[in-house]
Amino acid sequence: MKAVKLTTANIKGWPSITQPLSGRDIFIGENGSGKSTRLEGFLFALLGYVPGKGKELSDTFKLCSAGEMSGTLETDTGFICTRTIKEKKTKHQDGDKSFSLSQTISVFPPRGEKTDNQKRDRIAAELGDFSIMFNLNALFALSDNEKRKFIFSLTDPAQFGWTKERFLSEIEGANVAFHDLVPKLSLIWDPNGSVQDNVANCLLWVKQQISESKALLKKAQGTKENLLAQKRAIGSDPGSVAELGAEYQKAKDDLVKISEEITQAKERIKFASDLRFKIDSLRKKLSAPEPVMISREDIFAMGENLAKADKEIEKANREREKAETEAADLFKQMKELEVPIRNLTAQGLACKDVLTKIAASKGLCPLIGKKCKANLNDFTAERTTELEQMRKEMTKLKKQNDDLAEKQVAAEKRIKEITRAIETMHVTKLSGQRTLDSLVKNNELAQKDTEARNGLKKQIEDAEAELKNLNIVDINPMESVRQGLAGQIRNLEMEIDKRKTIATMLGAFDRANIEAVELEQKVDLLEDLATALGPVNLQGKILKDTIGPLIGKINNLLQMTGRDYNLKPILTDKNGKEIFDFVWEKHGSEISFESLSGGEKVVFGAALATALVLQKNPPLKTLIVEASECDEKNLVAMMDALDKFGGDINNVLIATHIMPSVTAPSWQSHKLHLS
């Protein structure tokens, strides 16, 4: 099976690429022509990430040149897989924006896969999840420890029978003295960890034990030397401790007795001091000025004044109500005059209008003229008399209305005056009420103060009586006796301790000597165990078993090129220091990688990369080669080597800026141009 087509979108500035694949494809072009875009797009479609750039979505999305990127692989079996990463922008209520990434996967033809995890498993089953991005210089730039981790990451030592049981058996078989340490190593072994990590953790534990044991040994040796010096200084006779026991015990008993008496005396002195302080504090409280009581007669008189104020306010309210009634009655009378005044005004205007028309017609009837036989003079005289009477009546009504208006204004003024007076009386009453309440409260507080003062006087009397009954003594003579006993006890303790120290030191010296010997033996045993676990022994044995098949594959591949030397791993240098490196064996000599020619390095790199892919053996065996720094001679040598021993590799993709002058028919050249 091989991949026959690669399709990408928005990777490294290229909106879309559709690239047919032959299985042996070399992409040639300047920087920016899309060579690495095709290599990294292939890896993204196959693995979901680009090795060396990180496995997080954010690491891969750095290759995207828009809001979405995708990669699709199609095989000659008809299987198609597509991976897409999208960026989503979310605008929050506070106006801030946040961005997130999501990946979707599709496979064809489907077999009931619903979730992305199921689709990933399908891709892994169809194509595998391993591909080599060939960079030989990066491999040989790794440290020895990183090289070991890289080799172990390719093949699990457990495949070659390296289990926990075999590991423990190898340790116990190396030295019977390791028997007691095997159970501790067994506890360190993590069943979920790799063989190499577990061996490394066991070795780390052993080295920690060596460090701790050496520290204890150094301490034990120092203790032994110190005890030896003390022994020489103090002497070797511990003497008798029993003869000092009775004297020491009696002095302690006497000290306890006198100490109790002093404690009781101090407690009485302290209690007397507290009583004196209490009496002084109570007397200070009594010395404060007593509050003044207001007489009941004064409070009663103020209450009478407030009652009178209530009556005055009530009287004023009645006067205001009377004035308001009077004003309302006057307003009503004025309203009643409005109708006759309005009617009389209308009648006068009508009469005046008729007289005006007669005067304008010069004595003739304003309606029918000379044909009218009526005497208009009499009519005019009557209307004139009537108009005069209306004027007199109107004057009378207006005077009556003016009188009422004047009285109403006076009534409204009286209402305002009474209202202001009531408000003033209310303010005065409230002020008096507050004063009265304050005086009543003052009398209540004064009564409580009197009761409290009586209580204080009683407390002073009780405290003075208690102080008088205390038996206060001078403790200075007692303190002198106690100090003398304490000094006697210290001297006895020092003498007893000295005699005990001599006896203890002699025993401690013997124990320290034994402990130092045991620790020396433990350190030797642990160092032997560390050596047994190290790269020269057990770790080297595991590494040889693990790397053996890979070295075999590499050497078998190299034989196809006609070279008569093999690759060999080196675990220690000439001084026995642990390392991890490769050399060539040629005619009995060992040649370092650095001494190889450029072409030999490229051929070896091709063999190593091919062997790694074949070692993993994924369904789609792919080799991705970034050869931008490779000259034409070495590029042709690598392509020739891959033709000879890379037949089992399904797809090889090479990126270079050189157009090889000669290419085998199996290779498909793709010359790319800047976009």
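The values are calculated or read from the model by the stated rules, or taken from the named source; none is laboratory data. Source: prediction; values computed, not measured. Cβ placement follows ideal geometry from the backbone for every residue including glycine, while neighbour counts extend to all protein chains displayed.
Quick notes on this one:
- Beta carbons closer than 6 Å, at least 6 apart along the sequence or on distinct chains, pair a first residue in the stretch 433-453 that is under 10 Å from residue 293 (Cβ atoms) with a second that is of a type outside the set (Lys, Arg) and in a helix (DSSP H, G or I) for 439/299.
- Filtering the stretch 54-63 for residues that are touching a helix residue (DSSP H, G or I) at 6+ places or on another chain (Cβ under 9 Å), more than 18 Å from residue 127 (Cβ to Cβ), part of a loop (DSSP other than H, G, I, E, B) and free of Cβ contacts under 8 Å to residues at least 24 places away in the same chain leaves a non-empty set.
- Checking 131, 100 one by one, the residue that is at pLDDT 85 or above, under 24 Å from residue 68 (Cβ atoms) and not basic (Lys, Arg) is 100 and no other.
- Residues that are charged (D, E, K, R), loosely packed, with under 13 Cβ neighbours inside 10 Å and either more than 60 Å from the chain's Cα centre (by Cα) or closer than 22 Å to residue 270 by Cα (or both), drawn from the stretch 445-456: 451
- Residue match in the stretch 585-601 (condition: touching a Ser or Thr at 6+ places or on another chain (Cβ under 9 Å) and closer than 23 Å to residue 560 by Cβ): no
- Residue in the stretch 236-248 that is modelled with pLDDT of 85 or more, surrounded by 12 or more Cβ atoms within 10 Å (Cβ to Cβ) and acidic (Asp, Glu) present: no
- Reported count of residues in the stretch 470-497, each being farther than 23 Å from residue 258 by Cα and more than 60 Å from the chain's Cα centre (by Cα), is 2.
Yes/no matrix, rows are residues, columns are (1) hydroxyl-bearing (Ser, Thr, Tyr); (2) under 52 Å from the mean Cα position of the chain (by Cα); (3) surrounded by fewer than 23 Cβ atoms within 10 Å (Cβ to Cβ):
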position: 595; (1), (2), (3): yes, no, yes
position: 614; (1), (2), (3): no, yes, yes
position: 622; (1), (2), (3): yes, yes, no
position: 652; (1), (2), (3): no, yes, no
position: 661; (1), (2), (3): yes, no, yes
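- In the set (1) surrounded by 14 or more Cβ atoms within 10 Å (Cβ to Cβ); (2) not in a helix (DSSP H, G or I), residue 638 fails one condition alone, (2).
- Exactly one residue out of 45, 66 is part of a loop (DSSP other than H, G, I, E, B) and either modelled with pLDDT of 95 or more or hydrophobic (A, V, I, L, M, F, W, C) (or both): that is 66.
- Taken as a whole, the structure leaves residue 608 outside the set of residues that are assigned by TED's automatic domain parsing to the domain that holds residue 666 and either of a type in the set (Lys, Arg) or surrounded by 16 or more Cβ atoms within 10 Å (Cβ to Cβ) (or both).
- The set of residues from the stretch 280-329 being free of Cβ contacts under 8 Å to residues at least 24 places away in the same chain, polar (S, T, N, Q) and over 26 Å from residue 406 (Cα atoms) comprises 281, 287, 295.
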